[in-house]
Structures are given as structure tokens and as C-alpha cells.
Amino acid sequence: MEDKSQKLILIPILAVVFLMIGYQYICPAGSNSCRFLTWDKLSGMFRQYHSGDDIYAYQEGLEEEGSSKILSKFNFTDRDLERHVDFNIKGDDVIVFLHIQKTGGTTFGRHLVRNIHLEQPCDCMPGQKKCTCHRPGKAESWLFSRFSTGWSCGLHADWTELTNCVPAVMNKKDKKDSLRGSAEKNGRNSPNTGAPSSIETNVSFCLCCCRNFYYITMLRDPVSRFLSEWKHVQRGATWKTALHMCDGRSPTQDELPACYSGDDWTGVTLTNFMDCPSNLANNRQMCCPSSFEEAQRNGQR
């Protein structure tokens, strides 16, 4: 009887010792590989902490490559942070995502097409970058973004490019999707008689030219974003195919001189990256959401 009681006491002691050894192996002292978050810290990722007039936001996942988590300070009011928009996904509303480089836009863009609970979720096929995001019961898109429509208005199109391009692209895409859906529903394609078919007529009539566009973007601490773009360019990245359209044309070499010669700017030092006066990285978060056409009308450059 006494031996049995000693064995019962020995079992939990051995279990505790085993757990301690395992913990030290998985999470050695001084390592940040294990992070145990309290409920306050966890909920802090999704809400703001107030201290007097200051507001602190916990930023996570801004860097696609997985940068360290930092605590940043922003001077936004409650009214700025708690705005509510009555977005009608079944009506004529469209979300347009303005993707600024190195702000976490790739991660956010994937969440838009994959991780939103909708009546009709986006259709994402394995191996394809773009998803089909239709309104419930309609062959119309409610989202304009890299992972739904692609770079239809140019690589990392800014406000000026998007506002001049998105309506026409959405009309063309929705008409194409509607024609395909109507043809499949009728079990055959319309005959090519030279005159508009009944399907084409109905589709053209149903397409709305008066959509409500909701432009959204992601912003990041300017210094962190600038350094992230520098490292990205240093590794050989370029955005040479970006159009930078304004007033119906791309800028000339004199208007937007290149910062480097050759194929890319691999290995550029931070000093050289900063010293190029035409480097768009210097102020992307101001320029991208701005209207260059309006600036031109006001005599600004």
C-alpha cells in the first residue's frame, strides 16, 4: 500500500520535471521564439490604448517579410478611428484598394479575398493569384484590387491613375463576366449574326455606370516604410513597369529621371538611396493618395 502511494506521488513529479526540460529545450533562456500573450496584449492588437491625448496602436504584420512587432504612436482621434461606412455589397458599391509599396498591402490584399466572411465568398482557385469576387447572386465585382482584378490600371497605380481608370475597367470586366454567366445559363453562346444579341442587350442595360467607389489604403510609419523599400530595392526589386499616368500620359525622362543606370539598383547604399531627388520612395504615402491633375491645375508640381 505504501509503495503504491509513493508511485502515485512520483508520477506528477516526473511529469513536472519532463515539462520543465521540454520548455527549456523549445524556449531557451533569452530567446524570443516563445511569446505568451495575456488577454490584454492580445486584445491590444485590435484596439487603441488611450493615455491623455495620446493614442497607441499595436502594429502587426505590416511587413510582408515578417518584421518585428513595434509599438507606434499615432495622433488619431476616436472619430477618425471609429467611422462606420454603410457598404452595400448587393448594390452598386465597389471597394478600390490603393496599394502603396511596403505598407503591408500584399498581406492585407490577400485577407480581402480570402478571410472575409461573406454571403458569397471570393472564388480563389488553387495556383491562381487572382480571385473572382462577385456580389451575391450577380456576376458583378465588388472589389478592385491586385488579387481580384490584377494590376488593371498599372503596377501600384496611384489615386490619379485609379480614378481615371477604374470605372471603365469595372464596366468592361462586369460585362465580360455577365456575358459568360448568361451564356452558361442559357446553355449556349449567342449566334454571331452581326446584330447585338438579346444577352448582350440585357447585359449592357443592366450594367450600372453610377457605382459608388470606396477607396481604401494602408499606411505605415514613414521611416519604417522608407527603410523597408530601400532594403527591397537593394535586393534587386524595381517598379519599372509602373505607368505613373497623369493627364493621359506617362512622365518623360526629364520629368522623372531614373535614379540608377542598368537593370536595377542592387546593392544601393542608404545614403545613395536617400540622395536621389527623383526617388519616389521619399514621399509615397503623400503622393500616391493625392491628385496630381488637381495639383497641375493649381500650378503645383
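The values are calculated or read from the model by the stated rules, or taken from the named source; none is laboratory data. Bear in mind that the values here come from a model prediction, so they are computed numbers and not experimental data. All Cβ positions, even for glycine, are placed from backbone atoms using ideal geometry, and neighbour counts span all protein chains on display. Each accessible area value is taken on the protein alone, full model and side chains, heavy atoms only, with ligands, DNA and RNA left out. Shrake-Rupley method; radii C 1.70, N 1.55, O 1.52, S 1.80 Å.
Here are some notes:
- Full-stretch length increase - H84, M20 - with 0.36 nm per residue and alpha-carbon distance subtracted: 18.2 nm
- FRET efficiency, Y215 to I11 (Cβ-Cβ, R0 51 Å, nearest 0.05): 0.25
- The share of accessible area on the range 87-146 that comes from carbon and sulfur is 50 percent, using a 1.4 angstrom probe.
- Scanning residues 5 or more positions from I100 or on other chains, those with amide H under 5 Å from its amide H are M218, with H placed 1.01 Å from N in the peptide plane.
- Distance violations [Cα-Cα > 25 Å] among K129/K173; K130/K176; K102/K176; K102/K175; K175/K240: K102/K176; K102/K175; K175/K240
- Burial ranking of peptide ranges 147-158, 214-225 (average Cβ count within 10 Å, highest at the top): 147-158, 214-225
- On full extension, the segment bounded by K129 and K231 gains 34.2 nm, given 0.36 nm per residue less the C-alpha separation.
- Residue-wise HN-Hα couplings along the range 250-262, as the Karplus relation 6.51 cos²θ - 1.76 cosθ + 1.60 with θ = phi - 60° gives them from phi, are 8, x, 7, 4, 6, 6, 9, x, 6, 7, 8, 10, x Hz; Gly and Pro carry x.
- Taking θ as phi - 60° and the Karplus parameters 6.51, -1.76 and 1.60, the scalar couplings of the range 150-160 work out to x, 7, 5, 10, x, 5, 6, 4, 8, 4, 4 Hz in sequence order, x denoting glycine and proline.
- Pairs of Cα atoms farther than 14 Å apart, the range 220-299, %: 68
- Using the Cβ-Cβ distance between N171 and T269 with R0 set to 45 Å, the FRET efficiency from 1/(1 + (r/R0)^6) comes to roughly 0.45.
- Charge sum, other residues only, whose C-beta stays under 12 Å from P222's C-beta, Lys/Arg counted +1 and Asp/Glu -1: +2
- For the range 220-299, the Cβ-based charge dipole about the Cα centre amounts to some 280 debye (Lys, Arg positive; Asp, Glu negative; other atoms uncharged).
- Under 5 Å from the amide H of D93 lie the amide H atoms of N88, N212, each residue being 5 or more positions distant or on a separate chain, with H modelled from the backbone and absent for Pro and chain starts.
- Ligands, DNA and RNA are left out, and with a 1.4 angstrom probe the accessible area of the range 220-299 is 61 Å² per residue.
- Per-residue Karplus couplings for the range 97-112, computed as 6.51 cos²θ - 1.76 cosθ + 1.60 with θ equal to phi - 60°, are listed in order as 9, 8, 8, 8, 4, 6, 10, x, x, 5, 5, 4, x, 5, 4, 4 Hz, Gly and Pro entered as x.
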